[in-house]
Amino acid sequence: MSVNAVTHLNFRGDARAALTFYRSVFGGDVAMVTYKDAGNVQEPSEADQVMWGQVAADNGFRVMAYDVPSRLPWNQGENAFFVSVRGEATEEVTAYWEKLTDGATILQPLGPAPWAPLYGMLKDRFGITWVLDVISEYDAS
């Protein structure tokens, strides 16, 4: 028996564009169910918004997202969470970084850090903060 924790992103009308973008960065398959698909349309203008969506890649990357309906409160907030992507190879992490920077605000440029061979932080064009790094052994001494 196993369990996985998957980051679930909440949007107000941008879930489809965000999931499509993340698939272009990390590869894999995107799946989306709209409110119309699920027979759960409560506001006609939101019928084609994403009620449930996911990007799943063979490399283990997973992210879920949906569009919060207008009848529910939603506030994107600030620094409520980060999506952390950790890889074993600098080439892999750098490739993801380069794709995520499209329309992004760089918060910490990708480069060496005291705790990792490569580390960077950015806020993507959808307002999501991403932390990318190369995994290294932690020395607590």
- Magnitude of the Cβ-charge dipole (Lys and Arg +1, Asp and Glu -1) of the chain about the Cα centre, nearest 20 debye, reported as 380 debye
- Using amide H atoms built 1.01 Å from N in the peptide plane, name the residues 5+ places from G13, or on other chains, whose amide H lies under 5 Å from its own. V68
- Note on the structure: Residue by residue through segment 122-130, the couplings from Karplus 6.51 cos²θ - 1.76 cosθ + 1.60 with θ = phi - 60°, in Hz, x for Gly and Pro, are 8, 10, 6, 5, 9, x, 8, 8, 10
- Query: Amide H to amide H under 5 Å from N40: which residues, 5+ apart in sequence or cross-chain, H placed 1.01 Å off N in plane?
  - Reply: none
- Accessible surface of segment 1-119, 1.4 Å probe, proportion on carbon and sulfur as whole %: 49 percent
- Which whole number in µm²/s is D for segment 68-107 by Stokes-Einstein, with the Kirkwood Rh taken over Cα pairs at 4 °C and 1.567 mPa s? 100 µm²/s
- Query: Largest first, how would K123, K99 line up by accessible area (1.4 Å probe)?
  - Reply: K99, K123
- Lys and Arg at +1, Asp and Glu at -1: neighbours of N10 with Cβ under 15 Å from its Cβ sum to -2
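Just need the Rg to Rh number for the chain, please, alpha carbons only, Kirkwood Rh.
Expressed as Rg/Rh, it is 1.02.
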- Query: Nearest 10 degrees, 0 to 90: what angle lies between the long axis of helix 90-100 and the longest principal axis of the chain (Cα atoms)?
  - Reply: 40 degrees
- Quick one, what does Rg over Rh come out to for segment 79-139 if you take C-alpha atoms and the Kirkwood Rh? 0.96
- Task: Could you work out how far apart the two model spin labels at V33 and T20 are, taking each label as a point 7 Å from the Cα in the direction of the beta carbon, and quote it in nm?
- Result: 2.2 nm
- Query: What list of ³J(HN,Hα) couplings, whole Hz, do you get for segment 13-19 from phi and the Karplus terms 6.51, -1.76, 1.60, once you set θ to phi - 60° and write x for glycine and proline?
  - Reply: x, 10, 4, 4, 5, 5, 4
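Of E88, E98, which has the most accessible area with a 1.4 Å probe, and how do the rest follow in descending order?
Values: E88 160, E98 120 Å².
Ranked from most to least accessible, the order is E88, E98.
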- Query: How much accessible area does F26 have with a 1.4 Å probe, in Å² rounded to the nearest 10?
  - Reply: 10 Å²
- Item | Net charge over other residues, Cβ less than 13 angstrom from the Cβ of T34 (K, R count +1; D, E count -1) | -3
- Task: Positive end of the charge dipole of segment 1-92 (Lys, Arg +1 and Asp, Glu -1 on Cβ, about the Cα centre): tell me which of A57, H8, G27 has its Cα farthest that way.
- Result: H8
- With a Förster radius of 30 Å, plug the Cβ-Cβ distance of E78 and E98 into 1/(1 + (r/R0)^6) and report the FRET value to the nearest 0.05. 0.75
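How many percent of all Cα-Cα pairs in segment 33-88 sit more than 14 Å apart?
65 percent
What is the sum of charges around S45, taking Lys and Arg as +1, Asp and Glu as -1, for the other residues whose C-beta is under 13 Å from the C-beta of S45?
Result for the neighbourhood of S45: -1.
The values are calculated or read from the model by the stated rules, or taken from the named source; none is laboratory data. What you are looking at is a predicted structure, and each value in this text was computed from that prediction instead of being measured. When we count neighbours, we look across all protein chains shown, and the Cβ atoms used for this are built from the backbone with ideal geometry, even at glycine. Remember, those area values only see protein heavy atoms, side chains included, never the ligands or the DNA or RNA. Shrake-Rupley method; radii C 1.70, N 1.55, O 1.52, S 1.80 Å.
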